[in-house]
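First the structure, in the form of structure tokens, and then the observations on it.
Just so it is clear, none of the values below were taken in a lab; they were calculated from the coordinates. The shown structure was predicted, so the numbers you read here are calculated from the model rather than taken from an experiment. Neighbour counts run over all protein chains shown; Cβ positions are idealised from the backbone, glycine included.
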Amino acid sequence: MVSHSCTQAFLLCALLVLSLCKPSYGLGIVIYWGQNRHEGSLAETCATGLYTAVNIAFLRVFGGGQTPDHNLGHCGRGLPQATCTFLSSEIRACQARGVTVLISIGGPSRSYWLDSAADARTVKEYIWNNFLDRRHLRIPSIWTGRPRYMVSISISNVVQTGTGMISAIRTGLLDYVGTQFYNNPTCQFNNGNPNFLAQSWSNWTSLLASNRTSNTQLFLGLPAAPDAAYNGGYIPPQRLNELCTVFTQSPRYGGIMLWSRFTDRRDGYSGLIRNRCVDRVNSATLSAEKLIPYVI
Ligand SMILES: *[C@@H]1O[C@H](CO)[C@@H](O)[C@H](O)[C@H]1NC(C)=O
Ligand SMILES: *[C@@H]1O[C@H](CO)[C@@H](O)[C@H](O)[C@H]1NC(C)=O
């Protein structure tokens, strides 16, 4: 089982899969993008070829009749680009390269919830109108097929859902769980005790496997640089490369989730860990047939 402090998980963000063009890409590195305007554009990020998916962060306020709000550093009030609709063409560029684009709804603000399916539809409309240009973006078969869910979990922050999150994971309805093994000394890499992270990982995979019929896969969420995490969890690339078989051997391994593009671009972390930690991944496709109507 996941230790007590780890069960104090809360939903940091759920990811709506915004787009999919090509199926059958194995998982790999999922990168957070959006917080820092010096990190390069979305299209440039996808063009690096380093990432399987880019997660735009964050739509931080929504639900319950609130006007949705985001905190992207690239567009919005007071920024040179007042609206984010230009991202449409960049999303298309990402799709053309087979990179899945997600939007992270939630984040640390915690000013979000959904009251009902109707509330969720309002949020969906907002996303359409502010990030996507309906006239030019073709999203394949949005309302057909099974939705895909990915949830990114912070284990360091406020306790809210506690066992609720554990129960949600057990339902098997989540396709991908990205656990943030950083900013939390009770779960993250401990230089003096490398087995600690392995144990932490094993606790999470056991949780996922406690529902034997589910296919939920686990992403190892890590900071891409020491200064990307305020409370630790950074693993130097050579060290991670040594450790990676612990994760890749697990049938539940989905890949690596990195925070965030700004530091990865600066330090080249993902390029240094790809060969050992990602290329062996043979897992399900991160794909979506529709924009999911609501979030757990
Ligand atoms: C386990 O996962 C399957 C597949 O998602 C689901 O149908 C089932 O209800 C889950 N079992 C429990 C006990 O939640
Ligand atoms: C893993 O789970 C065991 C059993 O619940 C617990 O004692 C241990 O502290 C956990 N370890 C980590 C690193 O989460």
Just grab the label-to-label distance for S167 and R121, each label 7 Å out from Cα along the Cβ direction, in nm (one decimal).
-> 2.7 nm
Sorted by chain and number, the residues with a modelled amide H under 5 Å from that of G178, at a separation of 5 or more or across chains, are V151, S152, I153, F219
Kirkwood Rh, the range 50-136, all Cα pairs: how many Å?
-> 13.7 Å
Take F196, project a point 7 Å from its Cα along the Cβ direction, then tell me which residues of the range 220-245 have their backbone nitrogen under 19 Å from it.
-> 220-244
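If you take the Cα Rg of the range 32-83 and divide it by 2.2 N^0.38 Å, with N the number of residues, what do you get?
Cα-based Rg divided by the globular estimate yields 1.27.
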Using a basic spin-label model with each label point 7 Å from the Cα along Cα→Cβ, how many nm lie between S210 and S89?
-> 5.0 nm
What nm distance separates the two modelled labels at R97 and L272, each placed 7 Å from Cα along Cα→Cβ?
-> 2.2 nm
So, by mean Cβ neighbours within 10 angstrom, what's the order for 244-250, 39-45, 112-118, 51-57 with the highest one leading?
-> 51-57, 39-45, 244-250, 112-118
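Can you tell me the length gained on complete extension of the stretch A47 to A82, counting 0.36 nm per residue apart and subtracting the Cα distance? Please list the in-between numbers first.
Working: separation 35, 0.36 × 35 = 12.60 nm, distance 2.43 nm.
Result: 10.2 nm gained on full extension.
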At a Förster distance of 22 Å, what's the computed FRET efficiency of Q66 paired with Y230, Cβ-Cβ distance as r, to 0.05?
-> 0.25
